[in-house]
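Enquirer: Can you read through this structure? Questions will come right after.
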Amino acid sequence: MGLQEFWFILIAVLFVGYFVLEGFDYGVGMLLPVLGRTEIRRRVVINTIGPVWDGNEVWLIVGGGALFAAFPDWYATLFSGFYLPLLLILVALILRICAIEWRGKIDDDKWRWRADLGIMIGSWVPAVLWGVAFANIVRGVAINADKKVTSGFFDLLNPYALLGGITTGLVFALHGAVFIALKTADDVRLDAAELAKKLAIPAVPVAGGFVLWTQLAYGKGWTWLLVALAAVAVIAVVFFTRLEREGWAFVFTTLAIIGTVVLLFASLYPNVMPSTISDAYNLTIENASSSPYTLKVMSWAAVILVPIVLVYQGWTYWVFSKRISTKHIPPSIGLPTKIG
């Protein structure tokens, strides 16, 4: 395996990690108004991701940085052609960050309501648009001989990409519901488990349809194994949510996401961005990569630093592994709207 293949695989791993970890963050934000019917319940729901959500976003930063350094032409073409959806994702993430960080700063119901709205919007928008973006990357866009995307924004809203967006939105919501059930106790846990049962039913045909479409249109012979993994995982989620075994249900929502994301990258290889104009204009791991020396230096840095990051993040999840209930939520210490 050459360095180009190594970095393609590593970028795939980084995005798998991002969608698994940030996927339940998105789900928690998406379901906040459903499971957070009172202020104390909303604080419980938000606190399930309180210690980890910002660490989960680091996977996107590292993945984007690796993409820029290892495959600069892929990065440049992607951002030039997907500028608007990626900008919307960025704005939504900034909105969510500000809403989470500032929500408790002022003790006022209107302030908190606006923050909750920001969390919800900042979760729904990227959850859906990531599916639209990755589906279009696999499907291909109009790339010319100068490695520029000539198609417009509305060309990205094709049926396959829209199904991809619905799939990621639905699966992340399910992933978040299972995570909330896993991390909470008492009534919040029971309501999250019940919601997970309901979300699991539509997840099977929607996710199954997207995975099957991907395989039939863009997959390879061996990627049927990934289709089988994703299908079995989604069906197992339905089974374990019915039994209210949220630990196993979370394992299988994780496997469903892993199987789907790996299927997308495997279907893409050896291309990184196919052109719908001509195969001659496809961006591949060969013509879109950095120099061998750059990849070699990056590889040594990755071999040293990535294990350290993984150990640290694993330790963080272990430290904050206990369930949260309404009994653990202290009174608000935010500033009043008027001082003096």
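The values are calculated or read from the model by the stated rules, or taken from the named source; none is laboratory data. Computed from a prediction, not measured in an experiment: that's the story for all the values here. In this analysis, Cβ positions are derived from the backbone assuming ideal geometry, glycine residues included, and neighbour counts consider all displayed protein chains. Accessible surface is based on the protein model in full, side chains and every heavy atom, while ligands, DNA and RNA are left aside. Shrake-Rupley method; radii C 1.70, N 1.55, O 1.52, S 1.80 Å.
Enquirer: Counting only protein heavy atoms and a 1.4 Å probe, tell me what percentage of the chain's accessible area is made up of carbon and sulfur. Numbers along the way, then the final one.
Expert: Details: 11530 of 16080 Å².
Using a 1.4 Å probe with all protein chains present, the chain comes out at 72 percent carbon and sulfur.
Enquirer: How many angstrom lie between the Cα centre of region 1-65 and the Cα centre of region 277-340?
Expert: Region 1-65 and region 277-340 have Cα centres spaced 8 Å from each other.
Enquirer: Can you give me the solvent accessible area of Phe250 with a 1.4 Å probe, rounded to the nearest 10 Å²?
Expert: 40 Å²
Enquirer: Just reorder His175, His328 by solvent-accessible area, largest first, 1.4 Å probe, all chains present. Write out the running numbers ahead of the final one.
Expert: Working: His175 0, His328 115 Å².
Largest accessible area first, the list is His328, His175.
Enquirer: So which aspartates and glutamates can Lys147 reach, going by Cα to Cα under 20 Å and dropping same-chain residues fewer than 8 places off?
Expert: Result set, ordered by chain and number: Asp73, Asp155, Asp279, Glu286.
Enquirer: Moving to a separate point now. Can you work out the accessible area per residue across region 72-160, with the rest of the protein chains kept in place, probe 1.4 Å, in square angstrom? Please report the intermediate quantities before stating the final value.
Expert: Details: 4360 Å² over 89 residues.
I get 49 Å² per residue for region 72-160.
Enquirer: OK, next. Where does each of Ile201, Ile257 land when they are ordered by accessible area, with a 1.4 Å probe and the largest first? Numbers along the way, then the final one.
Expert: On the way: Ile201 85, Ile257 10 Å².
Per-residue accessible area, sorted high to low, gives Ile201, Ile257.
Enquirer: Report relative contact order for region 202-316 in percent, whole number only (criteria: Cα-Cα under 8 Å, sequence separation at least 6). The partial results should precede the final answer.
Expert: Numbers: 88 pairs, mean separation 23.4, N = 115.
Reported as a whole number, the value is 20 percent.
Enquirer: What accessible area, in Å² to the nearest ten, does a 1.4 Å probe give for Met120?
Expert: Roll a 1.4 Å probe over it and Met120 shows about 50 Å².
Enquirer: Mind ranking 150-156, 306-312 by how tightly packed they are, going by the mean number of other C-beta atoms within 10 angstrom, highest first?
Expert: On the way: 150-156: 13.9, 306-312: 11.3.
Answer by packing, highest mean first, reads 150-156, 306-312.
Enquirer: Ignoring ligands, DNA and RNA, how do Glu244, Glu286 rank by accessible area with a 1.4 Å probe, largest first?
Expert: Details: Glu244 70, Glu286 105 Å².
If we order Glu244, Glu286 from most to least accessible, we get Glu286, Glu244.
Enquirer: Is the shape of region 1-91 rounded, prolate or oblate, going by the alpha carbon gyration tensor and its root eigenvalues a ≥ b ≥ c, with a/c under 1.5 for rounded and a/b larger than b/c for prolate?
Expert: Working: a/c = 3.70, a/b = 2.08, b/c = 1.78.
Note, shape of region 1-91 comes out prolate.
Enquirer: So what does Ser275 come to for accessible area, using a 1.4 Å probe and Å² rounded to 10?
Expert: Accessible surface of Ser275 is approximately 10 Å².
Enquirer: Could you tell me the relative contact order of region 146-208? Use alpha-carbon pairs under 8 Å, at least six residues apart, and round to a whole percent.
Expert: This gives 33 percent for region 146-208.
Enquirer: List the lysines whose Cα lies under 28 Å from the Cα of Lys183, skipping any in the same chain that are fewer than 8 positions away.
Expert: Qualifying lysines at Cα under 28 Å: Lys105, Lys110, Lys197, Lys198, Lys322, Lys327.
Enquirer: Oh, and also: Counting only C-alpha contacts under 8 Å and six or more residues apart, can you give the relative contact order of the chain as a whole percent? Mind showing how you got there, number by number?
Expert: Working: 494 pairs, mean separation 88.2, N = 340.
After rounding, I find 26 percent.
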